[in-house]
Amino acid sequence: MFATNTRTNHSIFLPFDTGSPRDGVMQHISRLGHLARLDFERCSVAGEIIFAVEADAVPVSQSDEEARIGTLAYALRKLEHAEDAAEFIRCLNAICEGGDARCRQTTASHYYHEISERGTSVVLKEMGWLAMQLASLNAVAESEEDEFFWTEAEPMAVTVEKQPKESIAAFLAEEIASIARMTRGRRKSACFLYDDYSNWLGELEANGASVEELDDAFAHVEALNQYDEGGVVIVMSSHERTIACGRLDPEYVAEDLPERANYLVPELRRLYANGRPMDELWDDLNAQLEVLFPTSGKTALGKAFYSHANRNWQQFARQVLEAILSECQQDFHLTALRNNSLYRQFHKTIRGAQDARMISETMKRAYEVRQTGTLPLKHFTALKTAAELQRERLGLQQLSAPAFRLVREIQSASPARLRYFSWAFYGANQPTHVIHALPAQEQARVWATLKTRKEIVTQKVIRQTI
């Protein structure tokens, strides 16, 4: 994704701090190429993660975003049959009757998740049964037109007949009567969700908090609506989402080391993978750095010296080695080798195997250990991958001299000789034959050559017969 002529992507996403943020960013952009500038403007950095914020094709409002999941068009896209979508919306309307958009969104999301796990017919049946139960619980006996009253407070009755139809009071009376019916008995009604932070702010204001205290409280609540990752604040709206694009490369790599210290990189990885304690690991590396870049000592003439340049080289080499060690700690395979001696032993056996039979036997032992719970599943899966890769390597190796001669003999053999090979290669019919001394991967290639040769001879005989 990231196009750059530089060694790492640090120079793309991390501008150099010049003390002036605006001037620093402008100078940074002016040094970038066209593609690198597109990456810089599109992506942001959170810790070591490079991410991009992407929006929908057409930004929508919060209310539209919440209501979209409960529409018939959305149900038609999610469900296979139009009848199921219509039934889903009917049951959803019955269940969410009197609720707000947030209630409808949450309910629809829950049932879509249930459908994906349990099937459409089962979930629709449950939704229909729940809708029937809610309808029976919320059954309201309609009162006569002149019986508009509040059940709880029993206010003065308002009758529609006493007011002319054209007056505003008549319409107000009808509205009051409708609200009374909605809130009577066990009737559901839409309500605001309980908000702890709003209540807390209201209590502060009611108790006479100062303007400064209220400003601090509002700033705290607004900060809770954002989330922080690795020191970078990411603000999201209802129609945006973040997409991880990659990681920042380490600032230093193995090529940064002086030529005489390049051998320390495989040495560091070997010590880390073998489980060497960190203190001993760094003591060993520091001792070798002191030999490579001596900071003090005596010259050939016996005079004492102190080298500031070598001291700087030692510090720089340690920074590079720390970056490489951080990479090792993020590497799953190297960390597994360090923390699990069984995984290290099995992997070493697999990578050193020159016969596919040894790989199969090693994987059988690893499976037995996995059954005891000593070897985690993720480590066993990594061993399976290593075994497959090693089999591929062995299969691509050049044939040994005995196997090569046997293949040449098969390619020029007569039909009778091919029948003999088929008999001698199989099982223990002729244990002294050279094929039984070959590795398993070479035996497989010899068998494949024999099969191909027999097919060619058979087709030739059929053509001669015709």
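Quick note: the coordinates plus some simple rules give every number you see, no bench work behind them. Keep in mind the model is a prediction, meaning the values are calculated, not measured. All Cβ positions, glycine included, derive from the backbone under ideal geometry; neighbour counts span all protein chains shown.
Taking 7 Å steps out from each Cα toward its Cβ at Leu399 and Ser422 produces label points 2.0 nm apart. Straightening the chain between Glu259 and Ser44 buys 73.9 nm, computed as 0.36 nm per residue apart minus the Cα-Cα spacing. Compared with the alpha-carbon gap, the fully stretched path from Leu334 to Thr18 is longer by 109.9 nm at 0.36 nm per residue. Subtracting the Cα-Cα distance of Thr71 and Glu455 from their residue separation scaled by 0.36 nm leaves 132.0 nm.
Of the GluC sites (Glu not before Pro) found in segment 243-309, those in coil by DSSP whose Cβ has at most 16 other Cβ atoms within 10 Å are Glu251. The calculated FRET efficiency for the pair Glu392 and Thr242, based on their C-beta separation and a Förster distance of 41 Å, comes to about 0.65. Segment 201-218 and segment 301-370 have Cα centres spaced 57 Å apart.
The magnitude of the dipole of segment 401-465, with charges of +1 and -1 set on the Cβ of Lys/Arg and Asp/Glu and taken from the Cα centre, is near 260 debye. Take the Cβ atoms of Arg276 and Arg311, set R0 to 30 Å, and the FRET efficiency comes out at 0.70.
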